[in-house]
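Worksheet: the structure to be examined is printed underneath.
The values are calculated or read from the model by the stated rules, or taken from the named source; none is laboratory data. Note that this is a predicted model, so its numbers are computed, not measured. Here Cβ is always computed from backbone atoms with ideal geometry, including for glycine, and neighbour counts include all displayed protein chains.
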Amino acid sequence: MICGVKRVPAWMFGVTIAGTLTLSPGAVAPPQEHVIDILADHDSRFKISGQEEPRITVQAGEPVRLRITAIKAKNHNRDGAVHGFALLKAQDRTPVPGWDLELRPGVQEFVLKAPDEPGEYIVVCTVICSANHEHMTIKFIVEPKAD
C-alpha cells in the first residue's frame, strides 16, 4: 500500500506491459489509432454518439480501431451474427478488402487500416437484421493524408 492506496496488479485492468519502446534519433513514432465508438442497435441503425446521421471521417491509410457494440434486432444469421459492417466505395459499391465484419452481441474491437484512396464510402449492414435493415448505413469519408 502506498499512501493508503492499495496497489492493483496491471493484469486486473487488461493491461499488458511488454517492454519499453525506444525510438532512434530521427525515427518516426507509429501513428496513433483513430478510435471510433459505434452502436449497431436493436432498431437496425448504426449510431455514433452526438450525431443525428452517423458519419465517420478518417485520413487515408491511418490505423482505425472500431469499438462496436452490437445489439440484436429482430433477426440474426445462423452463425450468431446480429449485424454486419461492410465498407463499400460509394461510387460503385465495390467492397473494400478486409472491411467485411460480422458482429455478434456485445462489444467487439477491430483494428483496420483506412483505405488509401481518398473519397466517399458507405458502411452497410450485411445481416438482414429486420425490415429496417436497408437504413443501417454510415457515411464514411476518407480525406487525403495530412502532410
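Here are some notes:
- Qualifying residues in the range 91-107 (those that are assigned to a strand (DSSP E or B) and of a type in the set (Asp, Glu)) - the one farthest from Gly61 (Cα to Cα): Glu102
- Enumeration of residues in the range 42-60 that are surrounded by fewer than 20 Cβ atoms within 10 Å (Cβ to Cβ), polar (S, T, N, Q) and in contact (Cβ under 8 Å) with a residue 40 or more places away in the chain: Thr57, Gln59
- In the range 61-80, the qualifying residues are those that are among the small types (Gly, Ala, Ser) and either within 15 Å of the chain's Cα centre (by Cα) or surrounded by 18 or more Cβ atoms within 10 Å (Cβ to Cβ) (or both), and the one that is farthest from Gly98 (Cα to Cα) is Ala73.
- Where Cys125 falls short, out of the listed (1) in contact with a Lys or Arg (Cβ under 8 Å, 6 or more places away or on another chain); (2) more than 20 Å from His34 (Cβ to Cβ); (3) among the hydrophobic types (A, V, I, L, M, F, W, C): (1)
- Single unsatisfied condition, Met12 versus (1) in a loop (DSSP other than H, G, I, E, B); (2) modelled with pLDDT under 90; (3) of a type outside the set (Val, Ile, Thr): (1)
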